[in-house]
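> Quick one: the structure is below, questions incoming.
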Amino acid sequence: MSETLDHIASAARVDAPPAIMLDKVNKWFGALHVLRDVSLNVALGERVVVCGPSGSGKSTMIRCINRLETHQEGKILVNGIELSDDLKALDDIRREVGMVFQSFNLFPHLTILENCTLAPIWVRRMPKKEAEELAMEYLTRVRIPEQAKKYPGQLSGGQQQRVAIARALCMKPKIMLFDEPTSALDPEMIKEVLDTMVSLAETGMTMICVTHEMGFARQVADRVVFMDRGEIVEMGAPNHLFENPQTERLKTFLSQILRGH
Amino acid sequence: MSDITLNASAKVAEAAPRSAPISQVGFVGWMRANLFSGWLSTAVTLLLAYLIVRWAIGFVDWAFINAVWSVPNNQTQACRDLRGTGACWAVITEKHRFILFGTYPYEEHWRPALCIALFVGLYIVSAMRRFWRKELALIWVGVLTLIGVLMWGGVLGLTYVPQERWGGLVITLILATFGLALAFPLAILVALGRRSKLPAIKALCVIYVELIRGVPLISLLFMASVMFPLFLPEGMNIDKLLRAQIAIILFAGAYLAEVVRGGLQSLSKGQYEAADALGLSYWQKTGFIILPQALRLVIPPLVNTFIGFFKDTSLVLIIGIFDLLTAGKTAIIEPAWQGFGIEVYLTVGAIYFIFCFAMSKYSQGLEAELNRHRAR
């Protein structure tokens, strides 16, 4: 019985077009080859955690997905739309893809509420009142509705990152990208941000998350991707990957991560 | 035993707070710390205080006590007798209208006077944040048009006054206001263009800035006044003031563009990326995220440039336009009033100072208010 259900579920995933498709993507910074033949399909509703040593190209890869970086070879499709120099297509993609940055990147001259309503009002053409209600709803979900009138500089790092998540969600994206969302935080604030991300994962959001938080990966990831020197070295279910690393590189990485914690 | 001692000591009444010794705080404390901290600083303080007081007494004697405030019918003998010991403010009493309005017809002086009042009113209204909305642009267009009508006349029963007869403070205000009001938006566009990814636009902006910045304003004014008419078809003539005005706008635009560019460059890349990731268009990103932050950061150098250009408008004297300074200079050409330059220049300087100091003070307040979000 459960086998059939599993089968149906995976069949549904296979039939639906992948939310994100990277096909032999290559990128160079000058002479430095930072992405080497990276191919990755992410299904709708899938949660992928990307890990790897620093400089392995993981941030560059997810920044290519909403074209904050441009790739030089290969194909990237988001929701079936190919990323190219076509600005109209890029607008369509960015509207559907939310991003959370390591350094929060809130707009310091706008209040928390204005940070959240700016894009819905101007990009989605939502009436101001509706955008504010939506923003309050998401700020409540990240548990900081009482800070709405403050400026980002008055909030702690963890609070700022939760605002950044709410700001991205206000655009009602289909896909969320997280670029090391907890790396700039003090240890006591990491949990509050991870909790927010876990509850977001529970809503069925498609997520790609670059992080070193292995506990988070075990808890929510459908798949973990390990990158090193611009390549995808291994990927698989988190328990499988962490317990049976196939390559020396992953073994070394895991031992370093575990020692660090 | 020791426990008891501890308890006992804890019960001792808290010492009542008392104020610090009078010699350490307040005015006396400040004087001690800053002026009389040792024999050397005491000696320097006393010496400088002596010089300042002597100079101040001399100035008050000259400017007020021994001064002549008016003379009958250009009879300046009373003034000449006082040379060196008293100021001849009679020259200002006599010539203030010429300094303020130049050679504008005497009986029509109310028109430039009203224009000066309108300019000042416009500055005050624009300075108040509660008037910062779209309607303010309309007010500017309306007031500037009204000023044009008042100065030129020829309509509504006002007699026509050709531009050659305008002069004085009103010319300075016209050149500075139109100059900076148009140079500022131009500068923003050029600064944005210089950071553009489109090579043609970028090159155009770089060439503009480097070319204009590479020549003195005086040479630009000469070109506008002497060379430019040579290129125009015969019979066509653009107003001399307008040509000087355009030269000033282009010149100020290049300088302000570099100031604005400095602000654009000081923003972190993350701000651009966050705006991009949210799907904001280029102009939305620029208007809502980038410029509001960049311009706040460059208020001090921006106002520095504004003040500089307010005073640089006096260079139009070399192409024969009677601005405030030139009008002051011309007022003392008349033989009866020759030799009273100090009084006139002090007055003209005071007028420049009032405008520049107001700008400076206002910008300090604005900076504090607009950057409040940075304070925790």
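The values are calculated or read from the model by the stated rules, or taken from the named source; none is laboratory data. Note that the coordinates shown come from a computational prediction; the quantities given were computed from them, not determined experimentally. With ideal geometry, Cβ positions are generated from the backbone for all residues, glycine too; neighbour counts draw on all protein chains shown. Heads up: the accessible areas ignore ligands, DNA and RNA and are worked out on the full protein's heavy atoms, side chains in. Shrake-Rupley method; radii C 1.70, N 1.55, O 1.52, S 1.80 Å.
> Considering the alpha-carbon set of chain B alone, what are its Rg and its Dmax in angstrom?
Rg then Dmax for chain B, in Å: 28.8, 113.
> Label points 7 Å out from Cα along the Cβ direction at A:Lys149 and B:Lys269: separation in nm?
With each label point 7 Å from Cα toward Cβ, the separation is 3.8 nm.
> Now a separate question. Any lysines with Cα under 17 Å of the B:Lys329 Cα? List them, leaving off those in the same chain fewer than 8 positions away.
B:Lys95, B:Lys311
> Taking a quarter of the surface of the Cα convex hull of the range A:77-214, what do you get in nm²? If you can, show how the numbers build up before the last one.
Working: hull surface 34.7 nm².
It is 8.7 nm².
> So, one more: Could you check which residue among A:Arg47, A:Arg124, A:Arg63 shows the biggest mean-square fluctuation in a GNM of chain A with a 10 Å Cα cutoff?
Of A:Arg47, A:Arg124, A:Arg63, the most mobile in the Gaussian network model is A:Arg124.
> Could you run the Karplus curve 6.51 cos²θ - 1.76 cosθ + 1.60 with θ = phi - 60° over the range A:200-216 and give me ³J(HN,Hα) per residue in whole Hz, x for Gly and Pro?
Taking θ as phi minus 60°, the curve returns 5, 4, 5, 7, x, 5, 6, 10, 10, 10, 8, 7, 9, 7, 5, x, 4 Hz for the range A:200-216.
> Okay, next question. Step through the table entries A:Lys88/B:Lys285; A:Lys129/A:Lys172; A:Lys58/A:Lys251; A:Lys27/B:Lys269; A:Lys191/A:Lys251, compare each Cα-Cα distance with 24 Å, and write down the pairs that go over it.
Numbers: A:Lys88/B:Lys285 16 Å; A:Lys129/A:Lys172 16 Å; A:Lys58/A:Lys251 18 Å; A:Lys27/B:Lys269 20 Å; A:Lys191/A:Lys251 26 Å.
In this structure, A:Lys191/A:Lys251 exceed 24 Å between Cα atoms.
> Related question: Starting from the residue with the highest accessible area, list B:Tyr104, B:Tyr50 in decreasing order, probe 1.4 Å.
B:Tyr50, B:Tyr104
> Relative to the compact-globule scaling 2.2 N^0.38 Å, provide the ratio for the alpha-carbon radius of gyration of chain A. Can you show the working numbers first?
Working: Rg = 18.6 Å, N = 261, 2.2 N^0.38 = 18.2 Å.
Relative to the 2.2 N^0.38 Å estimate, chain A comes out at 1.02.
> Right, next: What's the local net charge at A:Glu96, with K and R +1, D and E -1, over the other residues with C-beta under 12 Å away? The partial results should precede the final answer.
Numbers: positive: A:Arg94, A:Arg95, A:Arg124, A:Lys172, A:Lys174; negative: A:Asp91, A:Asp92.
Neighbour charge sum, excluding A:Glu96 itself: +3.
> Another question about this same structure. Compare the Cα positions of B:Ala33, B:Gly102, B:Thr159 along the charge dipole of chain B (+1 at Cβ of Lys, Arg; -1 at Cβ of Asp, Glu; about the Cα centre) and return the one farthest towards the positive end.
Toward the positive end, the furthest listed residue is B:Ala33.
> Also, quick follow-up: Aspartates and glutamates near A:Lys75 by alpha-carbon distance under 15 Å, same-chain residues fewer than 8 away left out - which ones?
The reachable aspartates and glutamates, counting only those whose Cα sits under 15 Å from A:Lys75, are A:Asp23, A:Asp37, A:Asp85, A:Asp86.
> OK, next. To the nearest 0.05, what FRET efficiency results for B:Gln77 and B:Arg97 with a Förster distance of 35 Å applied to their C-beta separation?
Numbers: r = 23 Å, r/R0 = 0.65.
Computed FRET efficiency for B:Gln77 and B:Arg97 comes out at 0.95.
> How much accessible surface does A:Met235 have with a 1.4 Å probe, in Å² rounded to 10?
It works out to around 90 Å².
> Let me ask something additional. Sort B:His96, A:His33, B:His373 from largest to smallest accessible area, using a 1.4 Å probe on the heavy atoms of the protein chains. Kindly include the intermediate steps, with their values, before the conclusion.
Details: B:His96 80, A:His33 55, B:His373 20 Å².
Order by accessible area, largest first: B:His96, A:His33, B:His373.
> Considering only DSSP states other than H, G, I, E and B, which trypsin sites (Lys or Arg not before Pro) in the range B:43-130 qualify as loop sites with at most 12 other Cβ atoms within 10 Å? Don't skip to the end; give the middle numbers.
Details: sites: B:Arg54, B:Arg80, B:Arg83, B:Lys95, B:Arg97, B:Arg129, B:Arg130; in loops: B:Arg83.
Here the trypsin sites (Lys or Arg not before Pro) that fit, given the DSSP loop and packing criteria, are B:Arg83.
> Give, as ranges by residue number, the residues of the range A:143-168 whose backbone N falls under 13 Å from the point 7 Å along Cα→Cβ of A:Lys191.
none
> Expressed as a fraction of 2.2 N^0.38 Å, the rule-of-thumb size for a compact globular protein of N residues, what is the C-alpha radius of gyration of the range B:105-166? Mind showing how you got there, number by number?
On the way: Rg = 13.5 Å, N = 62, 2.2 N^0.38 = 10.6 Å.
Normalised by 2.2 N^0.38 Å, the Cα Rg of the range B:105-166 equals 1.27.
> Just how large is the dipole of the range A:8-115 about the Cα centre, in debye to the nearest 20, putting +1 at every Lys and Arg Cβ and -1 at every Asp and Glu Cβ?
Numbers: 12 positive and 13 negative charges, 65 e Å.
Here the size comes out at about 320 debye.
> Turning to a different aspect of this structure: Can you compute the FRET efficiency between B:Arg213 and B:Lys311 using 1/(1 + (r/R0)^6), with r the Cβ-Cβ distance and R0 = 25 Å? Round to the nearest 0.05. Present the calculation step by step, with values, prior to reporting the outcome.
Numbers: r = 18 Å, r/R0 = 0.72.
Step by step, r from the Cβ atoms, then E = 0.85.
> Using unit Cβ charges (K, R positive; D, E negative) and no other charged atoms, how large, in debye to the nearest 20, is the dipole of chain B about its Cα centre? Show your work: numbers first, answer last.
Details: 31 positive and 21 negative charges, 217 e Å.
Result for chain B is approximately 1040 debye, rounded to the nearest 20.
> Further, regarding this structure: Which cross-chain or sequence-distant (5 or more) residues have an amide H under 5 Å from the amide H of A:Glu231, H modelled 1.01 Å from N in plane?
Distant-sequence amide H within range of A:Glu231: A:Arg36.
> Here's something else I'd like to know. Is any helix in chain B, taking whole DSSP H runs, at least 27 angstrom long along its axis by alpha carbon and on average at least -0.5 on the Kyte-Doolittle scale, and which ones?
What comes out of the filter, once short or polar helices are dropped, is B:39-60, B:134-152, B:169-194, B:240-266, B:341-370.
> What's the local net charge at B:Lys197, with K and R +1, D and E -1, over the other residues with C-beta under 14 Å away?
Values: positive: A:Arg67, B:Arg194, B:Arg195, B:Lys202, B:Lys285; negative: A:Asp85, B:Asp276.
Summing Lys/Arg as +1 and Asp/Glu as -1 gives +3.
> Take the alpha carbon gyration tensor of the range B:26-65, find the square roots of its eigenvalues, order them as a ≥ b ≥ c, and report rounded if a/c is under 1.5; if not, report prolate when a/b exceeds b/c, else oblate. Could the numbers behind the result be given before it?
On the way: a/c = 6.75, a/b = 2.23, b/c = 3.03.
Oblate.
> Per the helix-only calculation at 222 nm, which mean residue ellipticity applies to chain B, given -39500 (n - 2.57) for every DSSP H run of n ≥ 4 and division by its residues, nearest 500 deg cm²/dmol? Don't skip to the end; give the middle numbers.
Details: 17 runs with 241 residues, N = 376.
Calculated from helices alone, the mean residue ellipticity at 222 nm is -20500 deg cm²/dmol.
> Okay, next question. Rounded to the nearest whole Å³, what is the per residue volume of the convex hull around the Cα atoms of the range B:89-220? Walk me through the numbers on the way to the answer.
On the way: hull volume 23.4 nm³, N = 132.
So the per-residue hull volume is 177 Å³.
> Ok, one more. Below 8 Å between Cα atoms, with a sequence gap of 6+, how large is the relative contact order for chain A in percent?
Numbers: 452 pairs, mean separation 63.9, N = 261.
The value is 24 percent.
> With θ set to phi - 60°, apply the Karplus curve 6.51 cos²θ - 1.76 cosθ + 1.60 along the range A:102-112 and write out the HN-Hα couplings as whole Hz, x wherever there is a Gly or Pro.
4, 9, 6, 6, 6, 8, x, 8, 10, 5, 4
> Rounded to the nearest 10 Å², what accessible area does B:Phe310 have for a 1.4 Å probe in the complete protein model?
10 Å²
> Moving to a separate point now. Over the alpha carbons of the range B:258-376, what is the largest minus smallest coordinate on each principal axis, giving the biggest first in Å?
73, 34, 17
> Another question, if that's okay. At most 15 other Cβ atoms within 10 Å and a DSSP loop assignment: could you name the trypsin sites (Lys or Arg not before Pro) in the range A:179-261 that fit? Working shown, then result.
Numbers: sites: A:Lys191, A:Arg218, A:Arg223, A:Arg229, A:Arg249, A:Lys251, A:Arg259; in loops: A:Arg229.
Loop-located and lightly packed - A:Arg229.
> When chain A is treated as a GNM, springs tying every alpha-carbon pair under 10 Å, which of A:Ala166, A:Ala217, A:Ala237 comes out with the largest mean-square fluctuation?
Of the options given, A:Ala237 has the highest mean-square fluctuation.
> Considering all alpha-carbon pairs of the protein assembly as shown, what whole percent are spaced by more than 47 angstrom? Walk me through the numbers on the way to the answer.
Details: 88091 of 202566 pairs.
Tail fraction, whole percent: 43.
> Something else: Tell me the accessible surface of B:Lys269 in square angstrom (1.4 angstrom probe, heavy atoms of protein chains only), to the nearest ten.
For B:Lys269, the solvent-accessible surface is approximately 140 Å².
> Go through B:Leu315, B:Leu47, A:Leu83 and list them by solvent-accessible area, largest first, probe radius 1.4 Å. List each step's numbers first, then the result.
Values: B:Leu315 50, B:Leu47 105, A:Leu83 5 Å².
Of B:Leu315, B:Leu47, A:Leu83, the descending order of accessible area is B:Leu47, B:Leu315, A:Leu83.
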